[in-house]
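The values are calculated or read from the model by the stated rules, or taken from the named source; none is laboratory data. It should be emphasised that the depicted structure is a prediction, and the values quoted were computed from it without experimental measurement. For neighbour counting, all protein chains shown are included, and Cβ atoms are generated from backbone atoms with ideal geometry for every residue, glycine included.
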Amino acid sequence: MCGLFGFFGYRPDMNVVAEAALLAARRGPDGWGVMTDHSVERGLGRLPTPLARSIAADRFVIGHCRLATVLGSKSIQDGQPIRVGRYVVAHNGCVANADDLREAFGYTPDTRNDSEAIARLMCRLPGTTDERLTAALETVDHGGHYAVTALDLELMTIHLRANCMPLWVRRAQEGVYWCSIRPDESWEGCRG
């Protein structure tokens, strides 16, 4: 399973972000991606500890540590988080009907990553960002197993969902942190 981590708010405690990143890295040995309000970085292999400790952000961090289960290749271009238009998505799970969705909704993917379908659907479905994410998760065939973070860059809102996949959340004065592995008892499970 892949590992997700991140923060949304203002001026995160970068020690908490680093701890979440290193925990999430345990779940994703094949590649990693980190998007912040300052930069986007990707790499192959496990997220390096020095990089996890040097992540810098003011408003958001969206991190993904990949366990490549669908694609035979392990390429930086097929990594996450995935940005399509105003949406940035990081997803743990499989989208079994990604090819069918591409044909039904008439889009050309930028990657070979099946999770791109979620971001593509969010751009095409009607409603608020929350409604679009809900509709996208109802449209993709994920077998009922997923954890996903979706950032709306236009409205600057974050949406976290999980079902039968771990995603732990810690709410603090500065914002919300999340991680696929629970750092301690102060983190609560994310559902729905």
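Return the only residue of Thr134, Thr108 being without any contact (Cβ under 8 Å) to a residue 60 or more places away in the chain, more than 27 Å from Leu22 (Cβ to Cβ), of a type in the set (S, T, N, Q) and in a loop (DSSP other than H, G, I, E, B). Let's see the steps before the verdict.
Numbers: Thr134 fails: in a loop (DSSP other than H, G, I, E, B).
Result: Thr108 is the single residue among Thr134, Thr108 that is without any contact (Cβ under 8 Å) to a residue 60 or more places away in the chain, more than 27 Å from Leu22 (Cβ to Cβ), of a type in the set (S, T, N, Q) and in a loop (DSSP other than H, G, I, E, B).
Of everything in region 85-121 that is of a type in the set (Asp, Glu) and within 18 Å of the chain's Cα centre (by Cα), the residue that is surrounded by the fewest Cβ atoms within 10 Å (Cβ to Cβ) is Asp110. Could you tell me whether region 160-173 includes any residue that is over 24 Å from Gly31 (Cβ atoms) and touching a Pro at 6+ places or on another chain (Cβ under 9 Å)? Looking through region 160-173, at least one residue is over 24 Å from Gly31 (Cβ atoms) and touching a Pro at 6+ places or on another chain (Cβ under 9 Å). Tell me, which residue of region 111-131 that is touching a residue at least 24 places away in the same chain (Cβ under 8 Å) and not in a loop (DSSP other than H, G, I, E, B) is nearest to Cys164 (Cα to Cα)? Checked region 111-131; the qualifying residue nearest to Cys164 (Cα to Cα) is Ile118.
Scan Thr157, Thr128 and give me the residue that is out of contact with any His (no Cβ under 8 Å at 6 or more places or on another chain) and under 20 Å from Tyr10 (Cα atoms). Steps first, please.
Details: Thr128 fails: under 20 Å from Tyr10 (Cα atoms).
Checking each option against the conditions leaves just Thr157.
Which number in (1) touching a helix residue (DSSP H, G or I) at 6+ places or on another chain (Cβ under 7 Å); (2) at pLDDT 95 or above marks the one condition that Met14 misses? Here Met14 clears every test but (1). The residues on offer are Arg182, Arg171, and the sole one that is out of contact with any strand residue (DSSP E or B) (no Cβ under 6 Å at 6 or more places or on another chain) and of a type in the set (D, E, K, R) is Arg171. Checked across region 80-87, the condition of being part of a strand (DSSP E or B), at pLDDT below 95 and not β-branched (Val, Ile, Thr) holds for no residue.
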